[in-house]
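The values are calculated or read from the model by the stated rules, or taken from the named source; none is laboratory data. Everything numeric here is computed off the predicted structure, so don't read it as measured data. Cβ placement follows ideal geometry from the backbone for every residue including glycine, while neighbour counts extend to all protein chains displayed.
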């Protein structure tokens, strides 16, 4: 073995030891870091120390996140602007060492920082205290920055998981609030048997139903469906519910058509701004005359089955709210005595699809209604929803599903 | 879905195809936004090859219609297949949006308005 080879081997051994030590220190330091900002700061300290440099700097530019810049130095030889320029240049050239070419730098090493195979940052190391930068320094620096990249990836992944969990929590809270806005207790109205159900396709939805007995002991009911799904629809629907409640409670016994027109007038601009609209069915029960007065702004399906008759669709006469400045709805009346049945659903039921993509359809709802007439309202609601569920056969619920069943009882 | 565009006598024609739903709405919505920037917006939507419209699709047409009318124009549609026609009837959007059997009638509705005004 020649002397030169031995010297080379010795140098390599020293380099390799330096590298292992640096990586060990890096792993120890990174283990305690919870944020990528802290980890970057730690990396800069560690590189300056282990590479015996006067200064080091790191820039990390991850999409959808503020740039992270950290420098460690006695005098400002590595500037933020410099790091940004090098980050731009490094995309073309994988690494470089400059010796006495840039004022202020005896030697400068710039290395790429990769996350998930994309170059998103650089590590810059300046002015070794014991000589000029050379190939072993590049290898050591690259080994450190590669390892650091893996830690950063993990930290970013964890950060993303936390953010997602936070969104999930907020959605769950929003869902809880929306569920609380639905009638919570069985509504006790003499002469009526009432059931209601609503299940959004996502956490929250644009469907709603509401029951209210006003100061005059009049019973009001509504079912509404805001176009679209999820949070935007849910926000608008909450406004519809409140506006309608105001009309019911403080509207001087406003008729259903008047209540709908008031809601439309109040919310027309909001619906225009948000490019949405809502179908709305509103009814008020006259216990004296056993009549249900209703108005329908584009809502379907609504099914009426007079006692002893057959189920029929009540087609809307008004346009949905938020479409025109006037909904053009009219008040209509239904006889509502013993055995009469009203089912107000949203299109999430009749438009549920089976495995072959076929719709459940309004005909099925009408047939089921005839078969179920005479059963308690809650049973009818349960059976209808179960039939839709069986039909969908595990297909994910594509739209919000809401159902109100009202049945006339003996006086 | 394919969106064709054609300009005819100052009228912009949007041709929709297949399902007009949440997935296909953004492209149509963007086109409508650009077209309603012109004054007055005169828009004809060809629905001959549309077999399904969901509420997002309906909302997009309503938005285009409202915007056009605000600017003294209009958005009209033609060529509704039976299932689509039923959706317009059930929601009573047929009372809000002008619906025509064919393109000629849809286009003529604008010159009619022009004649009426003058």
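Kindly indicate which of A:364, A:333, A:327 is away from every other protein chain (no Cβ under 12 Å), in contact (Cβ under 8 Å) with a residue 12 or more places away in the chain and either assigned to a loop (DSSP other than H, G, I, E, B) or touching a helix residue (DSSP H, G or I) at 6+ places or on another chain (Cβ under 9 Å) (or both).
Working: A:333 fails: either assigned to a loop (DSSP other than H, G, I, E, B) or touching a helix residue (DSSP H, G or I) at 6+ places or on another chain (Cβ under 9 Å) (or both); A:327 fails: away from every other protein chain (no Cβ under 12 Å).
Of the residues listed, the single one that is away from every other protein chain (no Cβ under 12 Å), in contact (Cβ under 8 Å) with a residue 12 or more places away in the chain and either assigned to a loop (DSSP other than H, G, I, E, B) or touching a helix residue (DSSP H, G or I) at 6+ places or on another chain (Cβ under 9 Å) (or both) is A:364.
Residues checked against (1) exposed (fewer than 12 other Cβ atoms within 10 Å of the Cβ); (2) touching a helix residue (DSSP H, G or I) at 6+ places or on another chain (Cβ under 6 Å):
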{"position": "A:28", "(1), (2)": "yes, no"}
{"position": "A:48", "(1), (2)": "no, no"}
{"position": "A:77", "(1), (2)": "no, no"}
{"position": "A:84", "(1), (2)": "no, no"}
{"position": "A:90", "(1), (2)": "no, no"}
{"position": "A:93", "(1), (2)": "yes, no"}
{"position": "A:114", "(1), (2)": "no, yes"}
{"position": "A:127", "(1), (2)": "no, no"}
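Any idea which of (1) under 24 Å from residue B:56 (Cβ atoms); (2) part of a loop (DSSP other than H, G, I, E, B); (3) within 14 Å of chain B (Cβ to nearest Cβ) is the one residue A:355 doesn't satisfy?
(3)
Residue A:133 versus (1) in contact with a strand residue (DSSP E or B) (Cβ under 8 Å, 6 or more places away or on another chain); (2) over 15 Å from residue A:50 (Cβ atoms); (3) in a loop (DSSP other than H, G, I, E, B): which is the lone unmet condition?
If we test residue A:133 against (1) in contact with a strand residue (DSSP E or B) (Cβ under 8 Å, 6 or more places away or on another chain); (2) over 15 Å from residue A:50 (Cβ atoms); (3) in a loop (DSSP other than H, G, I, E, B), just (2) comes out false.
Against the conditions (1) crowded, with 21+ Cβ neighbours inside 10 Å; (2) away from chain B (no Cβ under 14 Å); (3) more than 25 Å from residue A:399 (Cα to Cα), where does residue A:380 fall short? Just the number, please.
(3)
Going through segment A:201-222 one residue at a time, which ones are away from every other protein chain (no Cβ under 14 Å) and more than 19 Å from residue A:250 (Cβ to Cβ)? Don't jump to the end; show me each part of the working.
Filtering segment A:201-222 for residues away from every other protein chain (no Cβ under 14 Å) gives A:203-204, A:208-222.
Residues satisfying the conditions are A:203, A:204, A:208, A:209.
Considering only residues that are part of a loop (DSSP other than H, G, I, E, B) and either surrounded by fewer than 17 Cβ atoms within 10 Å (Cβ to Cβ) or in contact (Cβ under 8 Å) with a residue 60 or more places away in the chain (or both), which ones fall in segment A:235-263?
The first filter runs over segment A:235-263 and keeps only residues part of a loop (DSSP other than H, G, I, E, B), leaving A:251-255.
If the condition is that a residue be part of a loop (DSSP other than H, G, I, E, B) and either surrounded by fewer than 17 Cβ atoms within 10 Å (Cβ to Cβ) or in contact (Cβ under 8 Å) with a residue 60 or more places away in the chain (or both), then A:251, A:252, A:253, A:255 are the ones that fit.
Which of the residues belonging to segment A:384-411 are assigned to a helix (DSSP H, G or I) and under 21 Å from residue A:211 (Cβ atoms)? Spell out how you get there, then give the answer.
Here is the first cut: in segment A:384-411, the residues assigned to a helix (DSSP H, G or I) are A:384-392.
Across segment A:384-411, the qualifying residues are A:384, A:385.
Provide a single number: the residues in segment A:269-322 that are closer than 28 Å to residue B:70 by Cα, in contact with a strand residue (DSSP E or B) (Cβ under 9 Å, 6 or more places away or on another chain) and within 10 Å of another protein chain (Cβ to nearest Cβ).
So in segment A:269-322, the residues closer than 28 Å to residue B:70 by Cα come out as A:269-281, A:295-299, A:316-322.
Now drop any that are not in contact with a strand residue (DSSP E or B) (Cβ under 9 Å, 6 or more places away or on another chain), which leaves A:271, A:276-281, A:295-299, A:316-322.
Applying the additional criterion that residues be within 10 Å of another protein chain (Cβ to nearest Cβ) yields A:271, A:276-279, A:296-299, A:316-320, A:322.
Summing the residues that are closer than 28 Å to residue B:70 by Cα, in contact with a strand residue (DSSP E or B) (Cβ under 9 Å, 6 or more places away or on another chain) and within 10 Å of another protein chain (Cβ to nearest Cβ) in segment A:269-322 gives 15.
Does any residue of segment B:84-101 turn out to be away from every other protein chain (no Cβ under 14 Å) and more than 20 Å from residue A:326 (Cβ to Cβ)? If you could, list the steps in order and put the result at the bottom.
From segment B:84-101, those away from every other protein chain (no Cβ under 14 Å) are B:100-101; that's our starting set.
Remaining after also requiring more than 20 Å from residue A:326 (Cβ to Cβ): B:100-101.
Yes - at least one qualifying residue is present in segment B:84-101.
Within 14 Å of another protein chain (Cβ to nearest Cβ), under 23 Å from residue A:405 (Cβ atoms) and at pLDDT 95 or above - does that describe any residue in segment A:260-268?
yes
Go through segment A:223-242 and count every residue that is away from every other protein chain (no Cβ under 12 Å) and more than 23 Å from residue A:314 (Cβ to Cβ).
6
One line per residue, one yes/no per condition, for (1) crowded, with 20+ Cβ neighbours inside 10 Å; (2) under 20 Å from the mean Cα position of the chain (by Cα); (3) free of Cβ contacts under 8 Å to residues at least 40 places away in the same chain:
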position: A:107; (1), (2), (3): yes, no, yes
position: A:111; (1), (2), (3): yes, no, yes
position: A:136; (1), (2), (3): no, no, no
position: A:154; (1), (2), (3): no, no, yes
position: A:172; (1), (2), (3): no, yes, yes
